[in-house]
Amino acid sequence: MPSIKIDSCNSFHYEEFGQGIPVIFIHPPGMGKKVFFYQHNLSKHMRVIFPDLSGHGDSETASHNISIPYYASEIVCFMDALNLEKAVICGYSAGCMIAQHLAIFHSERIELLILSGAYPCVEDASGQILHHSGIYMADNHLNLLMEIISRSHTKDKKMRKMLSSHMKKADKEVWKQYYIHSLQYSCLDKLHLITMPMLFMYGEAGDWTNHYLKLYRNKCKHAEFFLFTNQNHQLPTKKWNIFNEIVTGFVLNRVNFTHNNTISIQRRLF
């Protein structure tokens with residue numbers, strides 16, 4: 001497992017597989033890179049990169065004063081360290097907050113934006129309850145929180161054990177702060193600044209984030225949307241095969257990775 005030094009973290013760990021188009025995956029609070037275990041299969045078609053944000057997994061805790069902009073800057077530093085001028089960014093759940101901030105404030109570094117279970121703010125009651133519950137449990141019942149999260153993501157016992165083991169490495173205070181800042185953050189008034197091609201994926205059943213699907217449809221006219229019937233929020237683990245197919249199609253039909261490591265957009269529909 002490679003580790004590099006970036007401005008915000010002396011020991012920043014990540015995994016990468018494959019070659020070609022670089023795709024960086026951004027995880028939600030506590031979970032770390034292992035939540036994207038099934039996305040390793042995408043390495044058949046592209047270069048997939050899975051960082052542990054600082055304070056998560058195998059990366060050291062650089063600061064307890066983290067925020068959504070802080071983590072976005074960390075991804076930019078990470079890209080610099082890998083000599084990546086541009087990359088495709090894929091966010092999951094609260095990781096979409098970081099991905100959107102990157103697309104708004106560092107648009108020159110982002111070629112495509114892929115968001116699973118995205119929200120631009122937390123203005124609905126269900127989302128607020130979930131975030132406040134996460135904050136409380138990260139502070140008081142961390143082991144129970146890890147159990148709930150691992151069970152909600154998969155029925156596979158080995159996968160649950162892997163997720164839980166990785167979550168145990170997370171810094172409790174950083175985990176809590178990630179929840180807090182996801183609850184407080186809003187890019188609702190800046191969505192019009194996202195101009196690169198976008199892909200949204202949502203679960204139809206029991207996914208509180210699809211409350212924001214209509215909002216994104218109105219704000220992001222150039223985006224594409226996929227709604228998974230009879231599925232909830234945990235698409236990267238529960239419906240990974242279809243998730244991966246959609247990501248592959250979206251990326252390969254829009255990006256031409258040239259020999260000089262620059263990326264150009266293919267202007268055709270998927």
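The values are calculated or read from the model by the stated rules, or taken from the named source; none is laboratory data. This one's a predicted model, so the numbers in the text were calculated from it and none came from an experiment. Here the Cβ is made from the backbone with ideal geometry for all residues, glycine too, and neighbour counts use every protein chain on show. Surface areas here come from the heavy atoms of the whole protein model, side chains and all, with no ligands, DNA or RNA. Shrake-Rupley method; radii C 1.70, N 1.55, O 1.52, S 1.80 Å.
Output the residue which, of all residues in segment 57-77 that are closer than 23 Å to Lys161 by Cβ and out of contact with any Cys (no Cβ under 8 Å at 6 or more places or on another chain), is surrounded by the most Cβ atoms within 10 Å (Cβ to Cβ).
Once the filter is applied, the top-ranked residue is Gly57.
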Considering segment 33-56 alone, what residues qualify as being in contact with a Leu (Cβ under 8 Å, 6 or more places away or on another chain) and open to solvent by less than 10 Å² (accessible area, probe 1.4 Å)? Val35, Met46, Val48, Ile49
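Table: residues versus (1) buried (at least 17 other Cβ atoms within 10 Å of the Cβ); (2) more than 17 Å from the chain's Cα centre (by Cα).
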{"residue": "Lys190", "(1), (2)": "no, yes"}
{"residue": "Thr195", "(1), (2)": "no, yes"}
{"residue": "Tyr202", "(1), (2)": "yes, no"}
{"residue": "Asn210", "(1), (2)": "yes, no"}
{"residue": "Lys214", "(1), (2)": "no, yes"}
{"residue": "His222", "(1), (2)": "no, yes"}
{"residue": "Phe226", "(1), (2)": "no, no"}
